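Here the structure is laid out as structure tokens; the discussion comes afterwards.
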Amino acid sequence: MRVLLLTVLLSAVLFALKGSGQSCNYTLSGIVQDTSGAVIPGALIHMTHHEQHLHATTDSAGAFSFVSLCSGTYILHIDYVGYQHKDFTIVVPTTLPVKCELQLQQAAKAVVIEGIRETDVFHSSYNTVLTTSDLRSQRGQTITEMVQQVPGVSMLSTGSTISKPVVQGMYGSRVLLFHQGVRLEGQQWGNEHAPEVDPFLASQVEVIRGAQSIRYGADAIGGVILTSAPPLGLQSGWHGSLYTGYFSNNRLGYCSGVIDYQPQKINALAFRAQGTIRRAGNSRTPDYYLDNTGLKEYNFSWAGQYKWKTGKVEVNYSQFNTVLGIFTGAHIGNLTDLQQVIQSGSPYLTAPFSYTIGNPKQDVTHETWSTAIEQYAFKSKWHLQYSRQYNRRAEYDINSITNDFGLRPALQFELTTQTVSLKQFTSFAGVRWNNGLWYQHQKNTYEGRYFIPNFISNAAALYVSGERRLSNRTTWEFGGRIDLKEITSYFYQNQQLVAPERIFVSPVVSTGVQVKWNTKSISKLWMGNSFRAPNVNELYADGVHHGVAAVEKGSPDLQAEQALNLSLHHTYTRNRYTVFAHAYSYYFFNYIYLQPVQPPTLTIRGAFPTFEYRQAKTVYWGFDIGIRDSIGKDITWQSTWSSVSARNLDLEEWVPYIPSSRWMTQIQYLLPVLKKWNCSVGANVQVVFQKEQVEAEQDYMPPPAGYALSGLQTNAVLPIGKQTIHFNIQVKNLFNVVYRDYLDRFRYYHDAVGRNVQFRIQYQF
């Protein structure tokens, strides 16, 4: 029946696209350089044509390209820090590469400051950008699921409803997540807390690994994930997009819309409003439904901007609300039943499909408000931002009771974070500088049973970073940062209120070099150290964590993590194909990890696996390799391999919960007869190998067997006058494979989800 449904949907799309129209198979390529002829990598290009918006970033050779363009007149808006913004008008088709020349900003001249990404400045880090077209085929999923298409990125999940990204084998507070320049602060409660970002807000996602990370935090050991919305005020009048879709596995439906408005008579003003609704029922494995695994989500945001000749002010507000069901079969009443479920591999409880969300569950609200001012003065660009975040998470266990005010959560956290940052972008003495100050104040309170204490935290940082071109082939990057963090926790010990204060301070330095050997080969090498203060849950957690159906115990003696790191990245491009290799290693003096311990714990709320936070000298290493090739003008193929390992040097054993090695390949074919609608079909295969680097006594069950998942995808674009409709149909786990993933905290209780047919439509107006 599902195969029939997929066939019908494919036929409907192809029938809708049948017809004639203008030719849309042109390619526009070009290069961005300065007045001296030096190329400019990392320049941000925004191209408009009627209501169409496209984005690109110049590569290390300063080159860019746009494909599948219709004939007509296009406007290129090009931005780069330290240079004047410039617009270029291009008529397509054109057979010659376009040369775009930017001029350095002069203090005496008025300049227009558009939205500049900090990462446009530096070159030596290993960055991966997911553009609007990359994200379009993943809409309706979480940010974590979207970034899994990046080499070296995997997912730590808690069943089918909660997940967070794993970068270079690291997760939690070692991977920083920023949205619109605001660092999200939801990790203080534990690793199962999913990122609180509406994925429909993001028009671009960037994953950063390497020396650049120092500007975002000394604790960005694994990397940084930046999500950003489109810049405001790019076009006068009303325009926007409407997204809708349906997923077959858990019958998820979603609808999201965004509207931008810029008054034609007041171009300095611009506004945006956005909202999203998602609803899903129980997920299904190939053999059974997972009881109580639905979700309800509603989000909204608004933004406003006012510009003047030398600056702008922007205000953003967003609210993220979700209710997540926790698999009921993970809450087991006694040790005997728990052991039987783990040994047999069969779930303790199954149920038919339902949209009902009962206990246990999480009810999460995340609110963010930020105000940012950009100003060009004293030969520098200055960026001042204030943000306030409010996180509330209510946890309802399976035995939560009702009082006079309704269902009472077993535990509720409230975390308020206020942050102020000042950044400077300038050029001086042949160096492009990016410097900053940062201060943060946090306050956490809880109600109900104890899991982590109330606490107040204050943190401050100062960083200086720069980039200098040593020659036409070599660019040198360097940076230094000093962080100070003070945490005061409040809890009862032996019936006495205690308030231990912990202070962590450490300097961090990094340096990197990029060498362009020739027009085909580029190498990037960087090294440095990292510093991360332990989170409060790592220090003082003690009790049942219902989100992961486990007992977790912190260690108040934990010291700050400190690490030395070394990374090497090489890219080779020739004709139609590109090959890359990325290798990295870390030496941790005191790596903090979560260790499964025997036996399980029996509580009045049930029997749960038990985990303790520990610390050890650890060596970490891994690599990502890949190739992308254009097999003819209509076929694109790419393949990647990622592997990471971590060894506990104190105990001479492998560190648990490190991702398995994985290989992924995919191919995409642009249908020649339907090129004018950019219609393509594709297939992919992902192979995840069994995790063998785990000691037998380390866990409650051996690592699951490896698995291979296959998928299909088709995309099409249907222009209707000045409007555009994007279609996407995707099939995941095509053959309904039964498997469990090593990084799924609920692999003790059930299989992973089965086949999922996803249908998406975007209407752009």
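Once the stretch 358-382 is narrowed to residues that are modelled with pLDDT of 95 or more and within 15 Å of Trp308 (Cα to Cα), the residue that is surrounded by the most Cβ atoms within 10 Å (Cβ to Cβ) is Ala372.
Within the stretch 274-287, one or more residues are out of contact with any helix residue (DSSP H, G or I) (no Cβ under 8 Å at 6 or more places or on another chain), under 22 Å from Gln389 (Cβ atoms) and assigned to a strand (DSSP E or B). Residues in the stretch 602-642 that are within 26 Å of Tyr171 (Cα to Cα) and over 23 Å from the mean Cα position of the chain (by Cα): Phe608, Pro609, Thr610, Phe611, Glu612, Tyr613, Arg614, Gln615, Ala616, Lys617, Thr618, Val619.
Of Val673, Val681, Val655, all but one fail to be of a type outside the set (Asp, Glu), over 23 Å from Ala581 (Cβ atoms), more than 22 Å from the chain's Cα centre (by Cα) and modelled with pLDDT under 90; the exception is Val673. Looking at this structure, is Thr293 in the same structural domain as Gln723 (by TED's automatic domain parsing) and modelled with pLDDT of 95 or more? Considered against the rule, which asks whether it is in the same structural domain as Gln723 (by TED's automatic domain parsing) and modelled with pLDDT of 95 or more, Thr293 comes out as no. All conditions but one from (1) within 30 Å of Cys70 (Cα to Cα); (2) buried (at least 16 other Cβ atoms within 10 Å of the Cβ) apply to Val694; the one that does not is (1). The residues in the stretch 427-457 that are within 26 Å of the chain's Cα centre (by Cα) and either closer than 30 Å to Asp542 by Cα or outside the structural domain of Phe531 (by TED's automatic domain parsing) (or both) can be counted, and the count is 7.
Residues that are part of a strand (DSSP E or B), over 30 Å from Leu338 (Cβ atoms) and of a type in the set (D, E, K, R) within the stretch 719-764 comprise Lys732, Arg760, listed in sequence order. One residue stands out among those in the stretch 710-727 that are among the aliphatic types (A, V, I, L, M) and within 17 Å of Gln668 (Cα to Cα): the one that is nearest to the chain's Cα centre (by Cα), which is Leu712.
Of all residues in the stretch 569-584, those that are surrounded by fewer than 17 Cβ atoms within 10 Å (Cβ to Cβ) and in a strand (DSSP E or B) total 6. With the condition kept exactly as written, say whether any residue in the stretch 674-685 is in contact with a strand residue (DSSP E or B) (Cβ under 6 Å, 6 or more places away or on another chain), part of a loop (DSSP other than H, G, I, E, B) and either within 30 Å of Pro609 (Cβ to Cβ) or not assigned by TED's automatic domain parsing to the domain that holds Gln598 (or both). No.
Is it the case that Asn292 is in contact with a helix residue (DSSP H, G or I) (Cβ under 6 Å, 6 or more places away or on another chain), touching a residue at least 12 places away in the same chain (Cβ under 8 Å), crowded, with 17+ Cβ neighbours inside 10 Å and not in a strand (DSSP E or B)? Here the answer is yes, as Asn292 does meet what is asked. For the residues Val548, Val544, Val513, Val508, the requirement of being buried (at least 22 other Cβ atoms within 10 Å of the Cβ) and either among the acidic types (Asp, Glu) or over 30 Å from Pro360 (Cα atoms) (or both) singles out Val508. Applying the condition of being more than 19 Å from Ser173 (Cβ to Cβ) and of a type in the set (Ser, Thr, Tyr) to the stretch 517-545 and asking which residue is modelled with the lowest pLDDT yields Thr519. Just one of the listed residues (Gln319, Gln340) is in the same structural domain as Gly140 (by TED's automatic domain parsing), surrounded by fewer than 21 Cβ atoms within 10 Å (Cβ to Cβ), out of contact with any helix residue (DSSP H, G or I) (no Cβ under 7 Å at 6 or more places or on another chain) and under 25 Å from Trp369 (Cα atoms), namely Gln319. Among residues of the stretch 592-611 that are assigned by TED's automatic domain parsing to the domain that holds Ile658 and under 18 Å from Val694 (Cβ atoms), those with a beta-carbon under 7 Å from a residue that is part of a loop (DSSP other than H, G, I, E, B) and not aliphatic (A, V, I, L, M) at least six positions away or on a different chain give the pairs Tyr593/Pro656; Leu594/Tyr657; Gln595/Pro656; Pro596/Pro656; Pro596/Asp699; Pro596/Tyr700; Pro609/Tyr700; Pro609/Tyr748. There is at least one residue in the stretch 328-343 that is closer than 16 Å to Thr161 by Cβ and polar (S, T, N, Q).
The values are calculated or read from the model by the stated rules, or taken from the named source; none is laboratory data. What you see is a predicted model, and the numbers here were worked out from it, not measured in a lab. Please note: Cβ atoms are built from the backbone with ideal geometry, for glycine as well, and neighbour counts cover all protein chains shown.
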